[in-house]
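This report concerns only the one structure given below.
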Amino acid sequence: MLPDPMSEPPPRAIRRELLELAARLAPRHGYNPTGLRGVRILRTEEILEDVPVLYRPGAVFVLQGRKQGLLEGRVYLYDEEHYLAVSVPVPFRMRSTASPERPLLAIYVEFDMRLAAEIASRFDRGRPEPAEVKSLVSSPMEPELEDVLLRALRLLRDPVELAVLGDGVLRELHYRVLVGPQGGAMIAALRQLGSSGRIVQSLARLRENYRAATSVGSLAREAGMSVPSYHAHFKALTGSTPMQYVKATRLHEARLLIARNDKTIAEVAVSVGYVSPAQFSRDFRRHFGRTASEEAQWVRHHLGETA
């Protein structure tokens, strides 16, 4: 029997094409921007160990290579068979496997939170919410996600198709993640219900105002919780205390500013909320294991200009 010319390509053929397109669209070491809003492709050829990272809400799809996230003793695998969804931004440690012969290639999708919330609002509110909001969830790659990723990368070859169809593919990509195994945690975070929802709201305010001085007492009052309750719920969701979270946020923002050569290290320290540049330098080295200038060189080498 002759094969049906209209039938879908087999799964391995889809993965091969995905990999070929990603390699073509990411010729440079580090993050490569694309014409799709919030979508970047990472190429790296080196093994990385114990790297501090802070992902924004979204998903990471590894097409070749292997990554592992470590948070509070738990390991989150995202490799050629698993993807990682991030419902709330949390600092964690990462390691990855790659080589010049077999570089790591990964698609990073940063969620449009308004779009994600609008899609989540259409879900049946009668269905049970997960027992708790999880900041990170890893689960097996699904054929529907591979299909939409392939169509997204194909669009990037044609500016006209990208302009006409790009928003629709992005919307479907958000939808596929939200209906996947990880979607329950992400929808719960978007709906901001219960105690976890109040922590999610608090995290959003912290991200917007991380430069300002704050206290756990004021954060707890804003969330309508006692200080012990707020502290316990915050650590359960993020793996860190509120003050550790603020410090990590400041340091990661500073890292990007320094890598882009926008300001001096002293100016960056003040711009992210530090009063003392000396304290900033100590905290920076303790968190990243390198001085600020050394880390800037590391970021430019490993992650590129669009880190």
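The values are calculated or read from the model by the stated rules, or taken from the named source; none is laboratory data. Because the structure is predicted, anything quoted here is derived from the model rather than measured. As a convention, Cβ positions derive from the backbone with ideal geometry for all residues, glycine included, and neighbour counts pool all protein chains shown.
Below, the figures for the structure above:
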quantity: In region 273-304, the residues that are touching a residue at least 40 places away in the same chain (Cβ under 8 Å), among the aliphatic types (A, V, I, L, M) and in a loop (DSSP other than H, G, I, E, B); calculated: L303
quantity: Failed item in (1) surrounded by fewer than 18 Cβ atoms within 10 Å (Cβ to Cβ); (2) in contact (Cβ under 8 Å) with a residue 40 or more places away in the chain, with V270 passing the rest; calculated: (2)
quantity: Residues being assigned to a loop (DSSP other than H, G, I, E, B) and either touching a strand residue (DSSP E or B) at 6+ places or on another chain (Cβ under 6 Å) or of a type in the set (S, T, Y) (or both) - total across region 140-162; calculated: 1
quantity: Complete set of residues in region 260-286 that are in contact with a Pro (Cβ under 6 Å, 6 or more places away or on another chain) and closer than 20 Å to L206 by Cβ; calculated: A269
quantity: Test: R290 is farther than 30 Å from I41 by Cβ, at pLDDT 90 or above and basic (K, R); calculated: no
quantity: Any pair with Cβ under 6 angstrom, 6 or more apart, that starts in region 74-88 at a residue that is at negative phi and ends at one that is aliphatic (A, V, I, L, M) and part of a loop (DSSP other than H, G, I, E, B); calculated: E81/M141; Y83/M141
quantity: Every residue from region 22-36 that is assigned to a loop (DSSP other than H, G, I, E, B) and of a type in the set (K, R); calculated: R28
quantity: Residues within region 249-307 that are closer than 28 Å to A26 by Cα and of a type in the set (G, A, S), tallied; calculated: 7
quantity: Failed item, numbered, when V177 is tested on (1) buried (at least 21 other Cβ atoms within 10 Å of the Cβ); (2) farther than 22 Å from Y83 by Cα; calculated: (2)
quantity: Unmet requirement for L251, which otherwise passes all of (1) exposed (fewer than 15 other Cβ atoms within 10 Å of the Cβ); (2) touching a His at 6+ places or on another chain (Cβ under 6 Å); (3) not charged (D, E, K, R); calculated: (1)
quantity: Single condition A185 does not satisfy, out of (1) in contact with a helix residue (DSSP H, G or I) (Cβ under 8 Å, 6 or more places away or on another chain); (2) crowded, with 19+ Cβ neighbours inside 10 Å; (3) closer than 29 Å to S240 by Cβ; calculated: (1)
quantity: Residue identified as among the β-branched types (V, I, T), under 21 Å from L71 (Cβ atoms), in contact (Cβ under 8 Å) with a residue 60 or more places away in the chain and not assigned by TED's automatic domain parsing to the domain that holds Q68 among V200, V109, V137; calculated: V200
